[in-house]
Every structure is written in C-alpha cells, then in structure tokens.
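Novice: Pasting a structure below so you can have a look.
What follows draws every value from the coordinates through simple rules; no lab data is involved. For clarity, every value in this text was computed on a predicted model and none was experimentally measured. Here Cβ is always computed from backbone atoms with ideal geometry, including for glycine, and neighbour counts include all displayed protein chains.
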Amino acid sequence: MKISIIGTGYVGLVTGVCLAKKGHNVICVDRVESIINSINSGIAPIFEKHLEDLLLEVIRDKLTATSDVGYAVENSEVSIIAVGTPFSEGNIDLKNVKEAAYDIGVILKKKKDYHVVCVKSTVIPTTTDTMILKTLEEASGKKLGEFGLVMNPEFLREGNAVEDFMNPDRIIIGAMDDKSFEVFSKIYKSHFDAPIVKTNSRTAEMIKYTSNALLAALISFSNEIAAISEEIGDTDALEVLEGVHMDRRLSLIVEGKITMPGIIKYLKPSRGFGGSCFPKDVKSLIAFSEKLGYKPKILKSVIEVNESQIERLVLKLKDEIGEIRDKTIAILGLAFKAGTDDIRESQSIKLIRRLIKEGAVLKCYDPIAIENAKKELEEQANLEFYSNYENTLLNADAALIMTDWDTIANISIDVFKKLMKNPVIIDGCRILIKNNIKEQKTKYRGIGLRMIEK
Ligand SMILES: NC(=O)c1ccc[n+]([C@@H]2O[C@H](COP(=O)([O-])OP(=O)(O)OC[C@H]3O[C@@H](n4cnc5c(N)ncnc54)[C@H](O)[C@@H]3O)[C@@H](O)[C@H]2O)c1
C-alpha cells in the first residue's frame, strides 16, 4: 500500500521503515528539516538497534522523506499520524495531532480517491471520534465515509522498537466504520503474524493507556515494596520480588521449567520509570479522568511513588557520604533505559538537576545518550560528560547507577574500588551482582536493599 506518515520521531520512523521493509511504499513527513535530510541520507536521526540498517535497505526504493505534507497525502492511500502528544500545563497537549489532522484534511478536500487517516499517536479516549473527526470533516468539507478514520495504538518499546514493530503481540484497530477497518487492516494482513483486534476508537485509545498505566503501576508497586524492605533492613526487595515471580500464577511452569513472562521485568525495584510515555500517559489519564468526574487513586500514587524515587536516592547518597556539596559524584547512565539515546523524562537527568542544586561535582557517563543530555542540561563548570566509565569513576566519592546498560552491569567491583576515591555505589537499577559486593566489602546500596552491619 501507499502510506504517508506524519511525524517521524521514534514511533513514526520505526513504523515507516518497518512498513517499507514489509513491502509498502512509505513517505515520511516531518516539520523538522534536519530529520528529513538525515532520513534521506540513510542516517537514522535517533538511536534504535537495527533501525539504520533497515533504513539503508528501504531508502529511495520504498521510503522517502519530505516536509511537504500535501505531496505525501496526495501520493498515498493511508496517512498515519505519529506526532508527539506531550503532557503540558496539567493536560495532554493535542496541538500537534490537531494540526496534522487539519493538514491532511485540507488535502483530502481536493483528493478524489478514498483515503484512510490513522491516529497512531497516544491520545486520550474520545480524541479520534470527536476532535480528529471534526477537524478532518471541517478541513476537507467531506463526511466520514467519504474518507476513513481509525485509531491504531502503538506498543513498541524504545530499545527494542524494530523487533517489537515487526513482531507485534496484537494489532488493535479502533475503526470508525467497517470500510475504514477493511482498508486500513490491509497494511497488516498477510504481512504480520499477530491477531488483529477490531474495536471502536475509544476502546483502542483506552487499551493503550491501560497498558502503560499497568506497567507503570507494577514499577511503583515494586518500589513501594523496596522502600518498606529498606526500612526493615537486611531484606532484599529484589529477592522478595523474585520469590513472588515464581508463583505459578505469574510464571508458567513448562516441562518442569519456570518461564517468566515479560511483564515480570516490571516487578523489580529500581530508580523509577521515565521516558516519553509512562509519566505523561499516566498523568494524562489522571487529568482526563478528573475532568470526567472520577478522581483516580491508584494512578496518583503511581506517580507519587515514582517522583519520590529521586529523593530516596539522594537520601541514600547522603547516608553514605554525608554532605554532598563539592563531592565528586559519578553518574552511570543518562538514557531513560538501556538501548536508546532518549533522555526524555529520564530519572537520571532529574537526579543530575537535583544534585547540581546540592552543589555536587558531576561526572556523567552514557554509551550513546551524551549528546542528547548535553542539549537538555545547561552547560556548567561542575558537570562533565565522559564516553567511557573509567574516566567517569576516577577519583569519585560515589557512583550512582541510573541506566541498565550491559556495559555498566559488567563493570567489576574491582574497577570501582581501583578508580574511585571512595567506593560507594548506589545501584538505581539493581544490575550489579549482590553476592560479589558483599564479599568485597564495598559500600553498596541498591534500591530495596539496606544491609545492616553486624
Ligand atoms: N516513543 C515511544 O516509545 C512510543 C511508544 C508508543 C506510542 N508512542 C506515542 O507515539 C507518539 C509519538 O511519539 P514519539 O516518541 O515518536 O515522538 P517524537 O517526539 O519522537 O516524534 C514526533 C515527531 O513529530 C514531528 N511533528 C510534530 N508535529 C508535526 C506536524 N504537525 N507535522 C509534521 N511533523 C510533526 C516532530 O517534529 C517529531 O519529529 C506519541 O503520542 C507517543 O505517546 C510513543
């Protein structure tokens, strides 16, 4: 099929490249010229494994990029909206989605052929069948039926985005009518081996929010258990949760072996969640629910527990090294999770801001997210970035692990001891091997673990 994608960030570009790889003809649209130029040169503007290799395979023959939305819509049968939907001033900001729908609608006015518009951006329930539909109808002068409209939420995980898109668990299509569904589902039918779930747009929108809210809730639940375990002392929340994982209601026993479903990963103590989705999606759902007249209780606590994780890390640090001012702190990991250069809502960036206020001298390491972090954090004398962890750790008074990169997990305790002034390690990701640490008498504090010296 001929597909145009409006907004080619993490979701739009991965969607475009993967659909082109499946044989569709894709035109990517973005309003940022540097993104267009980068895509057309075969260079992925974001880091995501396999993305650039696939882009090089499809560029020109199957995929092109342009800033001309008119050209893209005229030359396609389906337009997928994948623009950002940030949380701003207490609400989801739907400005980008509305503008994209308007731009498409203007072209649909002149277009004779039937065209389906798809909302892939995460939008609060009712957005597609009210605001998007109204915008399209007003801009095009046409009625639903003369064009199609669906909501097709995206579930890819950054760091694993290409694999997730290529091998989806399910494809949810919230269609406004049967014809929209029939035409749009051709994109997936016979190309992807996953059940296609046909529903209405509100349900599709709510499936996406519920999915992210559940995962965020599991993380905050684990961190609440971690906080209680820390208060008890000598009780490792990681072991506690691993003990819980083994319940056959959570992990299947297949041929005598325990198999852990992916969701178990979210039942783990950590520095909390970040990224461009969980924080904003949970907050947007809370705000939307309150507008409807229901005050969510669990979802508010999910955010509250997550936000308190930064303060808890700072308290652990103070416990170990006392006054923070003028101390040299190594920050290992800047990206909000391993496998991506995305630092949006990263807990690491929030911690860095907090420690700068306390007067710390910060040395920061990340294998790929340094450039994005530099853009985000204003330049200052007491903040330095290193592309190797050895120089980061050198003469540090403490190290905080904030991203679960393998390169960080594999640093041996001897390296910490050899390089640091004072081997205090605060493990926000619980990725260092605990037994090792106990034997080595390092000052180690993991989320959910406070050892009591006997
Ligand atoms: N990032 C994820 O892991 C993920 C996963 C699932 C769903 N989502 C949802 O997908 C949507 C996109 O997320 P993202 O992370 O890819 O965002 P992003 O910020 O990386 O990309 C959005 C892109 O859209 C462009 N854009 C904005 N308005 C435009 C317009 N009117 N015309 C043309 N281009 C425009 C921006 O320049 C940007 O390049 C959001 O709603 C997000 O919640 C994201």
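Novice: How far apart, in nm, are the 7 Å Cα→Cβ label points at Asp93 and Glu311?
Specialist: The two pseudo-label positions are separated by 2.7 nm.
Novice: Separate question: Around Thr407, what is the net charge, scoring Lys/Arg as +1 and Asp/Glu as -1 over all other residues with Cβ under 12 Å from its Cβ?
Specialist: So the environment of Thr407 carries a net charge of -4.
Novice: Going by average Cβ neighbours within 10 Å, how do the peptides 351-358, 374-381 rank, with the highest at the top?
Specialist: Descending mean neighbour count gives 351-358, 374-381.
Novice: Charges only on Cβ, +1 for Lys and Arg, -1 for Asp and Glu: so what's the dipole of segment 241-446 about the Cα centre, in debye to the nearest 20?
Specialist: 700 debye
Novice: Write out the trypsin sites (Lys or Arg not before Pro) in segment 103-199 meeting two conditions: DSSP loop, and at most 13 other Cβ atoms within 10 Å of their Cβ.
Specialist: In loop regions of segment 103-199 (DSSP not H, G, I, E or B), the sparsely surrounded trypsin sites (Lys or Arg not before Pro) are Lys112, Lys143, Arg170, Lys189.
Novice: Sticking with this structure for a sec: Under the rule of at least 5 residues apart or a separate chain, name every residue whose amide H is placed under 5 Å from the amide H of Ile425.
Specialist: Under 5 Å from the amide H of Ile425 lie the amide H atoms of Ala399, Lys443, Tyr444, Arg445, each far enough along the sequence or on another chain.
Novice: Below 9 angstrom from the Cβ of Ser67, what's the summed charge of the other residues (Lys, Arg +1; Asp, Glu -1)?
Specialist: With Lys, Arg at +1 and Asp, Glu at -1, the neighbours total -2.
Novice: Of all DSSP beta bridges in the chain, what percent run antiparallel (nearest 5)?
Specialist: 15 percent
Novice: Let me ask something else about it. At 0.36 nm per residue, and after removing the present C-alpha to C-alpha distance, how many nm does the segment from Asp326 to Ile258 gain when stretched out fully?
Specialist: Extending this stretch completely gives an extra 19.6 nm.
Novice: Check each of the GluC sites (Glu not before Pro) in segment 264-342 and keep only those in coil by DSSP with at most 12 other C-beta atoms within 10 angstrom; list them in order.
Specialist: For GluC sites (Glu not before Pro) across segment 264-342 that sit outside H, G, I, E and B with at most 12 neighbouring Cβ atoms in 10 Å, the list reads Glu323.
Novice: Can you list the trypsin sites (Lys or Arg not before Pro) in segment 41-72 that are in a DSSP coil and have 12 or fewer other beta carbons within 10 angstrom?
Specialist: Arg60
Novice: Checking the cross-link filter: which lysines have an alpha carbon closer than 20 Å to that of Lys143, excluding same-chain neighbours under 8 positions apart?
Specialist: Lys98, Lys109, Lys110, Lys111, Lys112, Lys134, Lys179
Novice: Let me ask something else about it. Summing -39500 (n - 2.57) over the DSSP H runs of n ≥ 4 in the chain and dividing by its residue number, what mean residue ellipticity at 222 nm do you reach, to the nearest 500 deg cm²/dmol?
Specialist: -13000 deg cm²/dmol, from helical runs alone.
Novice: Within the set of other residues whose C-beta is less than 10 Å from the C-beta of Ile187, count the net charge using Lys and Arg as +1 and Asp and Glu as -1.
Specialist: +2
Novice: Could you size up the charge dipole of the chain around its Cα centre, putting +1 on the beta carbon of Lys and Arg and -1 on that of Asp and Glu, and report it in debye to the nearest 20?
Specialist: Dipole about the Cα centre, nearest 20: 640 debye.
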